[in-house]
There are 2 protein chains.
Amino acid sequence: MSENKLTKSLAERILQSRPESDEKAMFAARMGLIDYLASSFAGRQDTGIAKLLSIIDSEGGHAVVPVVGQDRKAGSRQAALLNGFIGHALDYDDVHSDVRGHPSTVILPALISAAATSVAVGGERLLASYILGVETMARFGKSIGSEHYLKGWHNTYTLGVIAAAVAVAYLKSFTQEQLEKTIGFAATQSSGLRNQFGTEAKPLHAGMAAQAALLAVSLTEVDFGGTRTALDGKNGFFGVYGNLELAEQTLLEDWGQSWKIVEPGLWFKIYPFCSAAHHAADAAVRLAEQHSFDPKDIEQIDIVFPTGGDAALIERNPRTGEQGRFSVEYVTAAAILGLPLSVDSFTNAPIPKRVLELLPRIQRSYDDTIEPAPNAVPKGRFTIVKIAVKNGESYSERVDCPRGAPGNALSLEDLKQKLEASLSYAPGHATTLLKTILNLRSEMDMQTLLHQL
Amino acid sequence: MSENKLTKSLAERILQSRPESDEKAMFAARMGLIDYLASSFAGRQDTGIAKLLSIIDSEGGHAVVPVVGQDRKAGSRQAALLNGFIGHALDYDDVHSDVRGHPSTVILPALISAAATSVAVGGERLLASYILGVETMARFGKSIGSEHYLKGWHNTYTLGVIAAAVAVAYLKSFTQEQLEKTIGFAATQSSGLRNQFGTEAKPLHAGMAAQAALLAVSLTEVDFGGTRTALDGKNGFFGVYGNLELAEQTLLEDWGQSWKIVEPGLWFKIYPFCSAAHHAADAAVRLAEQHSFDPKDIEQIDIVFPTGGDAALIERNPRTGEQGRFSVEYVTAAAILGLPLSVDSFTNAPIPKRVLELLPRIQRSYDDTIEPAPNAVPKGRFTIVKIAVKNGESYSERVDCPRGAPGNALSLEDLKQKLEASLSYAPGHATTLLKTILNLRSEMDMQTLLHQL
């Protein structure tokens, strides 16, 4: 394989693509946009937003891009930083199992900023750009190898910056050379550490990635000099951050046969916390529905994963609901005790005493002899929740494909309900917004959408 | 070693340090500031600057920080992006052998933005913060391990963002907790690939790092949530980007015994290109002074390094002077042919034909049996230039410690000349500026300096 093949070939595939003509993909993009906005409106009062707004207000600048749910505007890069954070603040936004991270909350904020600051962007073009952003991020997620995430990188940021830059480059009809350079300007800003999980910096990674993607695009637009072969060779992006051989084999495999936004598709969340805990949450909810546990009677709760299946769940001893977004112990305890697994249980308020008291009796274990189900999401994943009570009885539930995941997907009606719940403070707006998104086609539709954020 | 020791201990050491009281270090900092400004004024007409200004003008914002040599101001993060680029545009700015990169062009732009947007910053405090930034970057450079750079990362960016954030945090008298968080916000933005060498993106890395450092500081100031242990553990910064064990052994070793800005000290450049080619340049200049070569008579030029000594010199076949900043072939050919190794020979203009014609006769080789000199800079480095001419004779020069490097350092008088040459368009300004820097102490001095940029 020649030295500069990956960057060049990726750019060629992107520019030859016309996802506009794939109805399924376009519908999936509309669903993704609804879910991103539902997650953003749900997070609109997150305390991190005011902090970021105070930084942005001190900077000033031409405020031309809407900040979702805030009834105000900011500059292009500033709004991307905010909209990325807002979409991901509650960890309620979509994930994609190939990405091992969150595509929409990086790609859509970058596209919204680009659409609001460009002339004549059509709604269909925006959706097509989003499809190609997800495509890029999912393919990078597979091609970078699982070591990338396990080592400590946060794929949402490391891969999101490149995917969002590619999406905006497509939106702006960049040439081959421009797209290759944009990929390079994005790749050289690829960062993000998982040790920020459980803090406000984790959702901010989405905003940082979106902001960096826009800088990459701007640099290309002013004809700044940069490499056209950033992904290639042993000192290139894949060589440094992942596995170059794997990338050369898989990055562009079967391009265009189906779009990753459709197959396997985005995973829309019914709970506002890390998707790695959704299996346990479904299992615990089911156990709580079938039995009524007195916390005093619970001897022990075992949560069984395949090895590494809980890597994202870094909080074993959370003190706040926010930390609890990355704690399978908190999620399981809350569900067993009948707390609603809704936004209100995952704020930065302290965890209630009765939940805290149950945490020490919950433990994780790993069993690689258990066969995952063929429909497991992500592939190879399962979680078993086993409750042992004092009379010697025990109860167990196993989940391989949680609700919301591909294969157990939410319907448009489900997403409509999520959007309505998020917009309950603004009667009628969910219906208006839904209509705009489902009919998003022209440049005028795009302007309408921007006004409704 | 406890899980969170590195971040906590580094922050403790920084906050306990009072480099203001070390006269040698303070003088070295004044020298560094002179050299950074001389390099920036020399690069003030680089074509990349107008491109970046057009991005910044489209953003708008409160323009409160001077952009060096441009007679205008920009916002805090914007100015840091620009000033980092301007200082490094010609690759004429200092390097530090422990860093394997460029400390001042990241740290000083961040400090300038912070000083211009804060109340009551004293000149001595600025210099002390700069000393601690260099200290942090040099220690990170050693502790990250040589694999980091060799793999493909650009230390100026990856390590600069953390060093600049630490420097600004010290300037602002952050608390222990604030400093720990700032390190985390910076570490999670650590990126930069060496495959951008030879393009405008390479010097921009310095600006990107400075800009990211300021965001890290702002996040701390608004009390944004982030990890306090970013450097620690196998998924922390050193575990992901380098060698955690090495860092645990060396990062804080003998802290405060001497400052890295003094020992080994900054390397100020007499040539505007990559320091890895300075040994060859000195050798070639000496050969050209001693002999007068007719290009037609030159059979072959051999340039001998220790293995890996030419890693930064990625251009073997440059077409422009700008690419030639990373080409030992271009530098050597130009010197042998009597071209001045000054700013004018390293623009984006095409390389003259007579230099191009010599390039194919120049080759690199590696000899690890040669003993480096004890005073070699960087440690273990040497370069030998051997010229074979048609009559069968051959000439050779070897350099272990090039002019400007620690052990062969430039004097204040040398730096004064560099500053004067850079400011030749503004008669008298070099003298004024030099006086300000050599007397920089109070808050008022600091304001005076900002007005003279």
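The values are calculated or read from the model by the stated rules, or taken from the named source; none is laboratory data. Quick caveat, the model's predicted, so the values are computed rather than measured. Here the Cβ positions follow ideal geometry from the backbone for every residue, glycine too, while neighbour counts run over all protein chains shown. Heavy atoms of the whole protein, side chains included, go into the accessibility calculation; ligands, DNA and RNA do not. Shrake-Rupley method; radii C 1.70, N 1.55, O 1.52, S 1.80 Å.
The table for this structure:
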{"read-out": "Cβ-Cβ under 7 Å pairs, at least 6 apart or on other chains, the range A:421-445 side under 21 Å from residue A:270 (Cβ atoms) and in contact (Cβ under 8 Å) with a residue 60 or more places away in the chain, far side in a helix (DSSP H, G or I) and of a type in the set (Phe, Trp, Tyr)", "value": "A:422/A:41; A:423/A:41"}
{"read-out": "The range A:8-57 - residue that is among the hydroxyl-bearing types (Ser, Thr, Tyr) and under 23 Å from the mean Cα position of the chain (by Cα) and, of those, nearest to residue A:348 (Cα to Cα)", "value": "A:47"}
{"read-out": "Every residue from the range B:133-163 that is within 12 Å of another protein chain (Cβ to nearest Cβ) and within 13 Å of the chain's Cα centre (by Cα)", "value": "B:154, B:156, B:157, B:158, B:161"}
{"read-out": "The range A:219-260: number of residues that are outside any loop (DSSP other than H, G, I, E, B), open to solvent by 30 Å² or more (accessible area, probe 1.4 Å) and at the interface with chain B (Cβ under 9 Å from one of its Cβ atoms)", "value": "1"}
{"read-out": "Residue in the range A:200-216 that is out of contact with any strand residue (DSSP E or B) (no Cβ under 7 Å at 6 or more places or on another chain), at the interface with chain B (Cβ under 9 Å from one of its Cβ atoms) and outside any helix (DSSP H, G or I) present", "value": "yes"}
{"read-out": "Candidates A:171, A:150, A:159, filtered to the one that is open to solvent by 10 Å² or more (accessible area, probe 1.4 Å), closer than 20 Å to residue A:250 by Cα and among the hydrophobic types (A, V, I, L, M, F, W, C)", "value": "A:150"}
{"read-out": "Residue check for residue B:391: open to solvent by 70 Å² or more (accessible area, probe 1.4 Å), over 27 Å from residue B:97 (Cβ atoms) and at pLDDT 95 or above", "value": "no"}
{"read-out": "The lone exception for residue B:75 - which of (1) within 14 Å of chain A (Cβ to nearest Cβ); (2) open to solvent by 20 Å² or more (accessible area, probe 1.4 Å); (3) touching a helix residue (DSSP H, G or I) at 6+ places or on another chain (Cβ under 9 Å) it fails", "value": "(2)"}
{"read-out": "Cross-chain or 6+ apart pairs with Cβ under 9 Å, the range A:199-210 first and without any contact (Cβ under 8 Å) to a residue 40 or more places away in the chain and over 14 Å from residue A:274 (Cβ atoms), then of a type in the set (Ser, Thr, Tyr) and crowded, with 24+ Cβ neighbours inside 10 Å", "value": "A:201/B:188; A:201/B:227"}
{"read-out": "Subset of the range B:17-65 (residues that are outside any helix (DSSP H, G or I), within 14 Å of another protein chain (Cβ to nearest Cβ) and touching a residue at least 24 places away in the same chain (Cβ under 8 Å))", "value": "B:46, B:64, B:65"}
{"read-out": "For residue A:180: the one exception among (1) within 9 Å of chain B (Cβ to nearest Cβ); (2) surrounded by 24 or more Cβ atoms within 10 Å (Cβ to Cβ); (3) charged (D, E, K, R)", "value": "(1)"}
{"read-out": "Residue selected from the range B:274-317 under the condition more than 22 Å from residue B:368 (Cα to Cα) and of a type in the set (A, V, I, L, M), by the criterion surrounded by the most Cβ atoms within 10 Å (Cβ to Cβ)", "value": "B:285"}
{"read-out": "Residues located in the range A:310-329, provided they are basic (Lys, Arg) and under 21 Å from residue A:149 (Cβ atoms)", "value": "A:316, A:325"}
